[in-house]
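The structure appears below as structure tokens.
We did not get these values from a lab; they are worked out from the coordinates using the rules stated. Quick caveat, the model's predicted, so the values are computed rather than measured. Counting neighbours? That spans all protein chains shown, and the Cβs are built from the backbone with ideal geometry, glycine included.
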Amino acid sequence: MYNILKHAHSGWAYLLVLVVLVATINALIGLFGKKDFGNRDFSLALVGLIVTHIQLLLGLALWAFSPYSNMLFSNTSQVMGNDGLRLLALEHPLTMIIATAILTIGYSKHKKQLVSNAKFKKLAIFYTIALILILSRLPWNQWLA
């Protein structure tokens, strides 16, 4: 079960980074280009939200079955003293939960706006923050190997 979740989570991560990057760039272009908010823009933001939530569910399931979570609870000082273990057991999951929450808040807030520029502004701010958080805590040495 662990290996299946690990492969699914790792593979889906490529899609997540691509989709959130495209949605963020689209929001920034719409904001600075003073464009009208259309169905394409809404769809990109929604797909970013959906992909992120699926990845979070895969990640939480993976974390529950992972040896890193067991180590975190059984030998906390060893995990906290090792940068690699701390990243996988604590920093990555916690940061991804926060990034997903920020992205979700941004998506929710953009729907309440009536003007295109305000919609793009909400998406640009929240999706950019979420993207930065995601990229900051990816386990790059394992992910790209």
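Data for the structure
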item: Trypsin sites (Lys or Arg not before Pro) restricted to region 74-116 and DSSP loop, no more than 13 other C-beta within 10 Å; result: LYS112
item: Stretchable slack from LEU18 to PHE32, in nm (0.36 nm times residue separation minus alpha-carbon distance); result: 2.9 nm
item: Region 1-75: trypsin sites (Lys or Arg not before Pro) in DSSP loop, at most 11 other beta carbons within 10 Å; result: LYS34
item: Charge-dipole axis of region 2-143 as Lys and Arg at +1 and Asp and Glu at -1 on Cβ define it, positive-most pick from VAL51, LEU135, SER10; result: VAL51
item: Spin-label model distance (nm) - SER43 vs SER74, 7 Å beyond Cα toward Cβ; result: 4.9 nm
item: For region 2-143: lysine pairs under 12 Å (alpha-carbon distance), excluding those fewer than 8 apart on one chain; result: 11
item: For the chain, projected area of the alpha-carbon convex hull averaged over all directions, nm²; result: 8.9 nm²
item: Added length on full extension, which subtracts the Cα-Cα distance from 0.36 nm per residue, ILE4 to HIS53; result: 15.8 nm
item: Under the span-like rule (Cα at least 18 Å along the axis, Kyte-Doolittle mean at least -0.5), DSSP H helices of the chain; result: 2-32, 39-65, 92-111, 116-136
